Structures are given as structure tokens and as C-alpha cells.
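Peer 1: Below are the C-alpha cells for one structure; questions will follow.
The values are calculated or read from the model by the stated rules, or taken from the named source; none is laboratory data. None of these values were measured; they are calculated from a predicted model. Don't worry about glycine lacking a Cβ; one is built from the backbone with ideal geometry, like all the others, and counts go over all protein chains shown. Surface accessibility is based on the protein's heavy atoms, side chains included, excluding ligands, DNA and RNA. Shrake-Rupley method; radii C 1.70, N 1.55, O 1.52, S 1.80 Å.
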Amino acid sequence: MSLFRQRRNVLPGFGLSLGFTLTYLSLIVLLPISAAFLKTMGMSWADFWHAVTGPRVMAAYRLSFGASLLAGGINAFFGLIVAWVLVRYNFTGKKIVDALVDLPFALPTAVAGIALTAVYAKNGWIGQWLEPHGVKIAFTRAGVLLALTFIGLPFVVRTLQPVLEDLEPELEEAAASLGANRWQTLTRVILPELLPALLTGFALAFARALGEYGSVVFISGNMPMRTEIVPLLIITKLEQYDYRGATALAVVMLVASFALLLLINLLQKWSAQWRAQV
Amino acid sequence: MSIAALNIRKSFGNYTALSGVDLNVPSGKLVALLGPSGSGKTTLLRIIAGLEQADPGSGRIQFHGEDVTDVPPVKRGVGFVFQHYALFRHMTVFDNVAFGLKVRRSRDRPSKAEIAERVNKLLKLVQLEELAHRFASQLSGGQRQRVALARALAIEPKVLLLDEPFGALDAKVRKELRRWLRRLHEEVHLTTVFVTHDQEEALEIADQVVIMNQAKVEQVGTPQEVYDHPASPFVYQFLGNVNVFREESLALAGNGAYFRPGALVAGGLVYVRPHDVEVIPHEAGMDGIPAILRYVHAAGPQARLTLEQVQTRELVEAEISRVELERMRLTVNDLVLLRLRQTRSFEQDYAI
């Protein structure tokens, strides 16, 4: 529907609120992003290409995008289970478990990073048992994945919970009376209903992981080519007063994440094609 | 396939939904479970479908003499239609109807072509062939309920159970659909039980009406039986509008004023349907209950009159034809006499 047809809307205040929305988004989101682009404009194409395709940078892209996608996937799976348990069952301590889910939101990320490192380091609570079996978490890529999974969990749980609560019990009863067993009901009736929300949760967790810095720097060990994430690389460049190099990386990250989020949104739209098209 | 429910009890915490209910549905009949909300009718239906378990130690459910009490709903072979359709929103109409066939184990599952053939046949039956590839969100309420019905019929159920199937639809569609359900029933002759709180619906299409109240069955019979011979004041009141007179207030009206169904208990109550109240112009010395016309509601085939009894000041509803109303030239505040053509009385400890 075009912008101008909205003008006759019975709800008052469309012009004012849209104006406010655009101004607000420009100030908070568009302005800093444009600054990054503008700063990069100062570079020649060759410099830009050199800055964003070095081997160390490429390794960082792989780790950042790879670990973020994987963390989003892990969260989508386990977050679904957590949300399911929180919505479907009643048990003592449910309120506490529910509150725990929000903890990664509230905890300063540096605290999370330090805590995870302490637990998974060679002499940590869990690390000391894993180390003898040759499993290293702290200061490896697995550690990065762990930190990114930790901070992304609430996004999936909190997007799924309301959708699960609204899921009619009749759907499952209908499936059962039609002869579907539990597994068929889950895979053919419940999951397709949840898929749009699950994809939204995944996208949020992924986006959050991509931008995460605080918790990762402590647990990753920050070894170039191996456990260095892109945000860290940007900080490193900033510390060397290479502002243009830093913004060049930022621009690449921006474009890439925008493209990925767009893709996820399209997927989400496709998975929700059955919703009312009014 | 006949259905029998024997001595079914069900409580939710302190609340008793069913207290020892028996139900017999003869094979191939269309039976209505009729009652106000909270009477236990939906719970009974869900227990028949296996979606709810009766209290442990209480009665049994039998299909055609075979005990199915412990058979889970998945294996009971029951077609169930929900009040709010419960369609699978992410599937097309076609896939919704095909669902019950597609989830069968591979050795019982018909081939793709057979499934398509059967689904199309069912969609034709419910007159929705051209909407096969729509999603539920693109259908009207009446269309959705027809899809739900086709979906339930696709598994060739032994019995068909409908829980307030037309409750969420507007009045006109509801009327159309219930006649259509009756016709459908005559075509497929499936033993069918439907729950409703709408007496008009139950009386119009059911072969047999089971009236429930407060976790119990009040009366079972054909629509005519229950309407003409209600077993209790509750049934009488539930099946239509009713006026209640105290016996002693009629004593003054004279012998010609009302039809006496045998001896009346002193202090008893007399029940009269509005269409059995006769209104005649007032004439001194004639038998009848004097009353004043207070309100005339003449929109519709019948005129509904509200009258106030002169002696008791209690209100009476009467339904007379509009021709008759015009012939008498009655206007508001006229004095008239009432006569009761058909009455019914119950002992007072049946008090409502």
C-alpha cells in the first residue's frame, strides 16, 4: 500500500508519528552508518580492496560469520526446547528458570566472557575435566562459539514463547484424531506453525552474535588467523589509528549482514505465506 | 456403528462435569447433545472421542458393542470437528483434507493418485473444489468449517463428532450449514453426534435430542417428543419461551380460562408457551385472566405481545398471528382476557 493512500487512515496522527519514526531512525541508525560509508569513500578502490581481503581479514570473516550462524542454529534448536518446556509444563522453580533465560541480556558481556573463560580454562570447573580428554574450549574457536551461543539464547526463547502460548491445543487434538502420532504432529503441524517465529529468533540471535565483542575477546585468546573475530580486528585497526581500514571492514560487515538478514527475512516471509493476506 | 457411553463420570478438581451419564446413539443416527454452557455436553463428546479420559473407575465407552475406553484417539477412528475449525493454517485446503491419509503407515497409505482422488471427491461433497489451493486464512467461517468436516470425513471414521460446529458462524450461515449437514448425513449415514446450545438447531436437524443440565442427562427423545412432552421444568424452559403462572392466581379466572392437564397440586406452577396464550377482547362475565396490553412487537411473522396481569401485576408473553392482532384492533393499554390453550404443570419441588 502506498504511502499516500495511508493519508486517509481513520487512525489520527499518521503524519506526525511517521515523521518522528523517520527522524529517530535517521539519527540513531542511518547517521552513524552513513558516516562509516563516507569515511570509507576517502579510500581508493585498490586500498579498500587490499584492506578488506587480506588473509588475516578473510580468516576473521570466516570465523565471525561461521560461528555466528552456527551459534544461531544451536540457539534455534535448544531455544525451541527451552521455550517449549517453559510454555507447556508447570514445575516448581519455573519462574526462576524463566528469569534465567534473560540473564545473557542483562549481564555485561565482559562479565560473561570472563566467567566463561574461568569455567572453561585449563584449571576451570569444567575445563579441568575436558582438558585430559584433549578437548579445549577456552582460547579456541569452540570458545568463540560458546560465547556467541550464550549471548544469543534469549532471542530465540523470547520470540518463540508468545507464539507457543497462542498455539491452539485443538491443532494437536485434531492431528491426533486424524491418526497422526506424536512425531508426525510435531513435524507436520507444530513446527511449521512455529517456523516463522523460529526464523525471526534465529535472525536476531545471529545478528547479535555477529556484533558481539565483549564476551568473545576474553575467551577467544585473539590469535590472528585462528581465533580473531572481525569486531576485534576493527578495534585493533582503530588502536593503530587506521580509521579508514576500520571503517572499510565495518562497511563489509554491514553489507554482508544486511544481505544475510534480508535473506532470512525472505525465508521467513515464505514460511509464513499462509498468513492472512489482507 | 452405534455408540454407548455407560455411567461416565468426570470431574476437574472440585468441579463435576459429568456425574454418571449414560448415552446411547443408535447406528446411523444424527444425535444432538443439547444443553446450556457448563452442562457437560462438550466433555461427554470429548470423552467419546478419547480426547479426554473419564474419571478412573467410572464407566466405559463402546463402539458397536466393542469397548474402546482405553483406545487412544489416534486409533479410535473418530472424525472430530472443532468449534473453531482447528485447521492447519500452513497447509492448503487440499493438504488439510489429505492430512489424515498422508500420516498413515506406508502399508495402509493410499497412493498419491488415490489420495488426490479421494480428497477431490470430498471437496466436491462439501462444495469447495475450486478453493482446493487456498489457505484457511483466505476462507470464510462457513467455508472453513466445511473444510474441517471434509478433513474429518477423509479418514472414513466410524463415527462423526462435532463440537458446536456452527457456534462461531453468523445466524444466516448457521442455518444454511445445519440444513446442509442434515442432507450430508442422509447421504453418508454416518453415526453422528453434535453438541449445541441452540435448541432450534437441535430440534431442526437431529433424529434424537439428548438434553443435558448440570452434569446429567435430563431427557432423551425425538425432537417432537421432547418439545411436546418435556420431562422437567428445565427442559420445558430450555426448549422455548415460557410463561409461569401460580396455580392460585388462575383459580379466580374461571373454568373456561385454561386447559387443565389433570389434577393440580396445590401451590403448583403452571407452564405455558407464548403461542398457547390466547388473547381475546375483554368482556364482563367471561372466563379468562384479565390483563393489560403493555407492548406490541410486530416485526416478524408473528406479533409478540407483552401483557400485565391485572391481579398479580406479573408479565405474560403471548404470540398471536398479525392478522388476528389487526382484527381485534388492539392498542397499548387496552384491557384484554387471556386463555391458556395448552399448559403443563410440575410438582413444586422441581422448582427452578
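Peer 1: With +1 assigned to the C-beta of every Lys and Arg and -1 to the C-beta of every Asp and Glu, and no other charges, what is the dipole magnitude of the stretch A:45-277 about the Cα centre in debye, to the nearest 20?
Peer 2: That gives a dipole near 520 debye.
Peer 1: Now, a different point. DSSP beta bridges in the protein assembly as shown, what fraction antiparallel, as a percent rounded to 5?
Peer 2: Percent antiparallel among DSSP bridges in the protein assembly as shown is about 70.
Peer 1: Here's something else I'd like to know. Using 30 Å as the Cα-Cα cut-off, could you pick out the over-long pairs in B:Lys112/B:Lys158; B:Lys75/B:Lys216; A:Lys237/A:Lys269?
Peer 2: Result: A:Lys237/A:Lys269 exceed 30 Å.
Peer 1: How high is the FRET efficiency between A:Trp183 and B:Ser11 when r is their beta carbon distance and R₀ equals 22 Å, given to the nearest 0.05?
Peer 2: That pair, A:Trp183 with B:Ser11, gives E of 0.10.
Peer 1: Still on this structure, please answer the following. Using a Förster distance of 56 Å, how high is the FRET efficiency between B:Glu66 and A:Glu239, based on the Cβ-Cβ distance and rounded to 0.05?
Peer 2: The formula returns an efficiency of 0.10 here.
Peer 1: Taking the Cβ-Cβ separation of B:Ala116 and A:Leu267 as r and a Förster radius of 35 Å, what is the calculated FRET efficiency to the nearest 0.05?
Peer 2: Using R0 = 35 Å, I get an efficiency of 0.75.
Peer 1: Simple spin-label model, 7 Å along Cα-to-Cβ: A:Leu25 to B:Val310 in nm?
Peer 2: In this crude spin-label approximation the distance works out to 7.8 nm.
Peer 1: Report, as an integer, the average count of C-beta atoms from other chains found within 10 Å of each Cβ along A:178-190.
Peer 2: 5
Peer 1: I would also like to ask the following. Would you mind computing, in nm to one decimal, how far apart the modelled labels at A:Leu18 and B:Lys216 are, each placed 7 Å from Cα along Cα→Cβ?
Peer 2: Spacing of the two 7 Å Cα→Cβ label points: 6.5 nm.
Peer 1: Using a Gaussian network model of chain B with C-alpha springs under 10 Å, which one of B:Gly100, B:Gly20, B:Gly300 is most mobile by mean-square fluctuation?
Peer 2: B:Gly300
Peer 1: Okay, helix-only estimate at 222 nm for the protein assembly as shown: each DSSP H run of n ≥ 4 adds -39500 (n - 2.57), divide by all residues, round to 500 deg cm²/dmol; what do you get?
Peer 2: -14500 deg cm²/dmol
Peer 1: Moving on to the next point. Please work out how much length the chain gains when fully extended from A:Ala99 to A:Ser34, using 0.36 nm per residue of separation minus the C-alpha to C-alpha distance, in nm with one decimal.
Peer 2: 19.6 nm
Peer 1: Heavy-atom accessible area of B:Phe238 with all protein chains present, probe 1.4 Å, nearest 10 Å²?
Peer 2: The accessible area of B:Phe238 comes to roughly 40 Å².
Peer 1: Further, regarding this structure: Which stretch or stretches of the stretch B:286-320 have amide N atoms under 12 Å from the point lying 7 Å from B:Arg341's Cα along the Cα→Cβ direction?
Peer 2: Within reach of a label on B:Arg341, which here means backbone N under 12 Å from a point 7 Å along Cα→Cβ, the stretch B:286-320 contributes B:319-320.
Peer 1: Lys and Arg at +1, Asp and Glu at -1: add these up for the other residues within a Cβ distance under 10 Å of B:Ala98 and post the number.
Peer 2: Every neighbour counted, the sum reads +3.
Peer 1: Still on this model: What does the structure give for B:95-105 when I average, per residue, the other chain Cβ atoms found within 10 Å of the residue Cβ?
Peer 2: 4
Peer 1: Give, as ranges by residue number, the residues of the stretch A:143-157 whose backbone N falls under 18 Å from the point 7 Å along Cα→Cβ of A:Phe91.
Peer 2: Inside the label zone: A:157.
Peer 1: Another one. Sorting check: for B:173-180, B:307-314, A:157-164, which peptide has the highest mean count of neighbouring beta carbons within 10 Å, and how do the rest follow?
Peer 2: A:157-164, B:173-180, B:307-314
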